[in-house]
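Chemist: Below you will find the structure I want to go over with you.
The values are calculated or read from the model by the stated rules, or taken from the named source; none is laboratory data. Computed from a prediction, not measured in an experiment: that's the story for all the values here. FYI the Cβ positions are ideal-geometry reconstructions off the backbone, even for glycines, and counts take in every protein chain you see.
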């Protein structure tokens, strides 16, 4: 099922609730193209970049089913996704249930090199949540709409597509501003993205270098709070 939202410039942003396997594959290919040289992603694949499509596919299947998945398309290239975001709502986390894990995570972890499995166990799953809790507070991530993925094709960047893809969820927290303290939050491993997110009025809550057998990588955490004047 697809719920259409307002067009943005010449692009259309929409929520896709039941993506086809073809769409999942298209988006995993985009993820792989954009992230194949990112040392954080290489580390999270245990040093094996060939696992990138499996990892991103698992995230998209689980996220679209239990969270919210938005795409941007170009009417001049019908059916071609030029960017997407994937979020998990407050109170949920990606892969927090066996049903979600069966959507590709289990296979991904089974194929992970032993060094990667050890990295998850002893470093990543210890250091990453510790830092996020430090900068957002112990319930900050749980209280937020957490953006797990934000991808835009290189030739479509700097056209406001990322901002447009974030707007539907940003509207949710503004509408609830007088009811509860939901926020948007996410992390990035790109210094370039830091400048982009700051230009979107997101607040940089903190940054650090993460250790890895495949080389250290930067981690930055952002948050956007609701507009208090919203009703």
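Chemist: Inside the range 69-185, counting only helices (runs of 4 or more DSSP H) that do not spill past its ends, which hold 2 or more residues that are modelled with pLDDT under 95?
Modeler: 161-175
Chemist: Has the range 61-68 got any residue that is assigned to a strand (DSSP E or B), under 18 Å from the mean Cα position of the chain (by Cα), modelled with pLDDT of 95 or more and under 21 Å from residue 164 (Cβ atoms)?
Modeler: Yes: one or more hits.
Chemist: I would also like to ask the following. Of everything in the range 188-227 that's assigned to a loop (DSSP other than H, G, I, E, B) and over 25 Å from residue 48 (Cβ atoms), which residue is modelled with the lowest pLDDT? Quick ask: steps written out before the conclusion?
Modeler: Filtering the range 188-227 down to residues assigned to a loop (DSSP other than H, G, I, E, B) leaves 189-190, 200-202, 211-216, 225-227.
Narrowing the set further to residues that are over 25 Å from residue 48 (Cβ atoms) leaves 200-202, 225-227.
Numbers: 200: 92, 201: 90, 202: 96, 225: 88, 226: 85, 227: 74.
Per the criteria, the residue is 227.
Chemist: Condition first: crowded, with 18+ Cβ neighbours inside 10 Å and either touching a helix residue (DSSP H, G or I) at 6+ places or on another chain (Cβ under 8 Å) or at pLDDT 95 or above (or both). Can you find one or more residues in the range 6-13 that meet it?
Modeler: Yes, the range 6-13 contains a residue that is crowded, with 18+ Cβ neighbours inside 10 Å and either touching a helix residue (DSSP H, G or I) at 6+ places or on another chain (Cβ under 8 Å) or at pLDDT 95 or above (or both).
Chemist: Given the criterion out of contact with any helix residue (DSSP H, G or I) (no Cβ under 6 Å at 6 or more places or on another chain), closer than 29 Å to residue 71 by Cα, without any contact (Cβ under 8 Å) to a residue 24 or more places away in the chain and crowded, with 16+ Cβ neighbours inside 10 Å, identify the matching residue among 109, 166. Write out each step before concluding.
Modeler: Values: 166 fails: without any contact (Cβ under 8 Å) to a residue 24 or more places away in the chain.
Among 109, 166, only 109 is out of contact with any helix residue (DSSP H, G or I) (no Cβ under 6 Å at 6 or more places or on another chain), closer than 29 Å to residue 71 by Cα, without any contact (Cβ under 8 Å) to a residue 24 or more places away in the chain and crowded, with 16+ Cβ neighbours inside 10 Å.
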